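Asker: Dropping the structure in here first, questions after.
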Ligand SMILES: Nc1ncnc2c1ncn2[C@@H]1O[C@H](COP(=O)(O)OP(=O)(O)OP(=O)(O)O)[C@@H](O)[C@H]1O
């Protein structure tokens, strides 16, 4: 394999580790375009070069698999080789524009467009994370919108650049001398050499903010006390649901963010906004403010040959399924196997989400300063981190203590509460026979509280059971959420919103008592249909209110 097989047409970009070119792939019959990524290692030491070669091959294999199985969401890798001390990757050419170019040519994105983009890119990120890979350099320059279908393609994975910075320490260990990422898009843990899935979430959230506001993270004012970005005034027409999702995604501390792409996708998919959208903004002139990937020297991130993020990633894998189940039983108007009344269809459009059953220990922030600059932004973040950590630990300890107490109490009280709740609803004007739709909902939660998980699972409609984004591993996912994460569900209220012969809508207010600590109220709407065979009410669909 040699570079001469890929004649260069023109340069596409230049970064800290090399240059990217548009070229022709002469090995393919139609001689299509391809992208040549030329990478130059930082060390000329022959021993290091050999190490880099080995790791480059490993990474090329990873990129090959990633491209091949991604259904076009990640460019295919055609070839890799080393020539005259330079490392080359030959990749599929994506005919499209980067998000940065798109904003410059067509203006800011609307909420609908941002939601669409996130809905399209998050499954790609799930795919990447499921393979234990952290992208490490998500930003508007590294997501391309393909012309033919407007779908986002994720380019420029950071690991290969990291490999180029391999060095050997005095003690003979291999280490990365360089930190890969882009200022402003890199969260704290990544800056300290520990990239994790949530680091990609952070960068994606900031990418979405750029699309909505035209501001790069370093241009957004930072709260001096907490280190959060005060961005909402820059995008005042965004629905509260999207504000909440984006705010969660860009929390300074990784543990306060979505832990992976699947969690964020679930929140997004159940939060269809009932709010009017702002008008489409016409293109505005925006300076070419591409944020360059920088290569920050780091002191000691010793690795043993493999990407240093991998051990962390493996440790986090267990949280994916459980965490993904946080919204696991909540779903919006997907095709149902049962008939749906038009009234229910209307109701489903009103269904919105505020879906984080675990209590959020982070107090709300108010903006205090009016202006800042990049340096102040960076330093205030660093300064506040310690305080935030201290604060959060204190808050968490409090919550845990309170919750422990509350868990014990609530476990003892649950049956009593349910009975009280049943008794109080029976006093309502609705005839409380066995056919009261509210009884079906209460029965569902009773099963869960009585640890009759199979019974509860069987009460769900088949299409909800089979919905892979809600229950990736079917019943196991359901069990992971209800049996492992939730200690109890307490019904605060049940209201019959509407009822006909065939269908009914019931609103419930419940509280999750989480095993890990925290109590969270949740308001949920149940859509029920009468089962023709036994005249019992059956759950047809569930949504958040
Ligand atoms: N597979 C691809 N198909 C089409 N264009 C691409 C592809 N990969 C990269 N490009 C284009 O080349 C530009 C530069 O590429 P890339 O981001 O890989 O490297 P860079 O900007 O030179 O370096 P850095 O990785 O340091 O940011 C991108 O902004 C994009 O416009």
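The values are calculated or read from the model by the stated rules, or taken from the named source; none is laboratory data. If you're wondering where the values come from, they're calculated on a predicted model, not measured in any experiment. Note that we place each Cβ from the backbone using ideal geometry, even for glycine, and neighbour counts take in every protein chain shown.
Asker: Take the conditions closer than 25 Å to residue 134 by Cα, part of a loop (DSSP other than H, G, I, E, B) and out of contact with any helix residue (DSSP H, G or I) (no Cβ under 6 Å at 6 or more places or on another chain) and apply them to residue 259. Does it pass?
Answerer: no
Asker: While we're here: Could you grab me the full set of residues in the stretch 146-164 that are within 11 Å of the ligand (Cβ to nearest atom) and assigned to a strand (DSSP E or B)?
Answerer: Selection gives 146, 153, 154.
Asker: Looking at 217, 224, 276, 240, can you tell me which residue is exposed (fewer than 15 other Cβ atoms within 10 Å of the Cβ) and modelled with pLDDT of 55 or more?
Answerer: Step by step, each of 217, 224, 276, 240 is checked, and only 240 is exposed (fewer than 15 other Cβ atoms within 10 Å of the Cβ) and modelled with pLDDT of 55 or more.
Asker: Then there is this: Given the conditions (1) under 30 Å from residue 46 (Cα atoms); (2) near the ligand (Cβ under 10 Å from one of its atoms); (3) surrounded by fewer than 22 Cβ atoms within 10 Å (Cβ to Cβ), report the number of the one that residue 93 does not fulfil.
Answerer: For residue 93, the exception is condition (1).
Asker: Check 202, 210 and return the single one that is surrounded by 24 or more Cβ atoms within 10 Å (Cβ to Cβ), assigned by TED's automatic domain parsing to the domain that holds residue 264 and more than 16 Å from the ligand (Cβ to nearest atom).
Answerer: Unique residue meeting the criteria: 202.
Asker: Could you check residue 197 against (1) within 25 Å of residue 71 (Cβ to Cβ); (2) within 16 Å of the ligand (Cβ to nearest atom) and say which number it fails?
Answerer: Single failed check for residue 197: (2).
Asker: Could you check how many residues of the stretch 168-192 are modelled with pLDDT of 75 or more and either assigned by TED's automatic domain parsing to the domain that holds residue 38 or closer than 28 Å to residue 90 by Cα (or both)?
Answerer: Within the stretch 168-192, residues that are modelled with pLDDT of 75 or more and either assigned by TED's automatic domain parsing to the domain that holds residue 38 or closer than 28 Å to residue 90 by Cα (or both) number 7.
Asker: Please enumerate the residues belonging to the stretch 110-149 that are surrounded by fewer than 18 Cβ atoms within 10 Å (Cβ to Cβ) and under 12 Å from the mean Cα position of the chain (by Cα).
Answerer: Passing the criteria: 119, 120, 123.
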